[in-house]
1. Multiply the residue gap between Leu135 and Arg118 by 0.36 nm, knock off their C-alpha separation, and tell me the result in nm, one decimal place.
2. Between Leu43 and Thr125, what is 0.36 nm times their sequence separation minus the Cα-Cα distance? Round to one decimal in nm.
3. Determine the alpha carbon to alpha carbon distance for each of Lys143/Lys165; Lys25/Lys67; Lys165/Lys211; Lys67/Lys149; Lys24/Lys143; Lys24/Lys204 and list only those over 27 Å.
4. Along the Cα-to-C-beta direction of Asp54, a point sits 7 Å from the Cα; which residues of region 163-179 have their amide N less than 15 Å from that point?
5. Quick check: Cα centre of region 181-238 to Cα centre of region 120-161, how many Å?
6. Can you list the residues of region 168-204 with backbone N under 17 Å from a point 7 Å past the Cα of Leu223, pointing along Cα to Cβ?
7. Calculated FRET efficiency, Gln72 and Tyr152, Cβ-Cβ r, R0 30 Å, to nearest 0.05?
8. Please report the base-10 log of the normalised intensity I(q)/I(0) for region 124-238, using a Debye sum with one equal scatterer per alpha carbon and no solvent, at each q in 0.16 (1/Å).
Amino acid sequence: MSSTTVAPKKTHWFIQMMSSSIGKKVVMSLTGLFLITFLVVHLSGNLQLLAGDDGKAFNLYADFMSKNPLIQVVSKVNFVLILMHVVYGFMLASQNTQARPERYRYNRPGANSSWASRNMTLLGTVLLVFIVVHLANFWFPAKYGTVAKVSYDGQEYKDLYLMTKEAFAQWWLVALYIIAMGSLAFHLSHGFVSAFRSLGLDHKKYTPILKFVGLVFCIIVPLAFALIPAIMFIQQMA
């Protein structure tokens, strides 16, 4: 009686690539660059909270965003990419830890890497907590809760400005936003250039420019985000 040997089924090349260290870094880079773009768009809308018009510009902007089909698709894609970024980030962190199970007694990590690059998992965890709190305080109530209405030119809109204003009257929430934006700044200080490098876009002629743009971005964008709740809180306390 003869026996036949069944050849092991080959794993698809795409799955192999996505499971590799390089594949994980590519996913982190692409999702990270998309989220960076999202930050700019989100900030441009949130800055309207400071327009000084009792929330009209922000409420009209929020209404447009909530009813535009394309924006809704992008919003769902954004949630998926955030989840992918988080999952692959923890996978890479775990992989790196396993690759270096022992810490040398006399090592000098600061000589070879920045504080942000050594603490990306910590920074990412802070940002993950912030995202959950943000969604619980704003996205969920705006979508499924009861929100006060305001009228402009005879048409009613959700008064999301008032909801945001009341939320930022709470000092602990404002403090959390400022801490989270500080974490975002450090996260971006490493992630911005690292994303381009992981995609092979690393050149002695262009990398210094990317580093400069990344530095400006990681300062201005988180600072602007942090100023919004801080200013709204101070205005209400005055």
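1. Result for the pair: 3.3 nm of gain on full extension.
2. The span from Leu43 to Thr125 would gain 27.4 nm if fully extended.
3. Checking Cα-Cα distances, Lys25/Lys67; Lys165/Lys211; Lys24/Lys143 exceed 27 Å.
4. Counting backbone N atoms under 15 Å from the label point, the list is 163.
5. So the separation of the two Cα centres works out to 23 Å.
6. 178-190
7. Details: r = 22 Å, r/R0 = 0.74.
The calculated FRET efficiency here is 0.85.
8. -0.85
The numbers here are math on the coordinates, done by the rules we state, and not lab data. Note that the structure is a prediction, hence the values are computed from the model and not measured. As a convention, Cβ positions derive from the backbone with ideal geometry for all residues, glycine included, and neighbour counts pool all protein chains shown.
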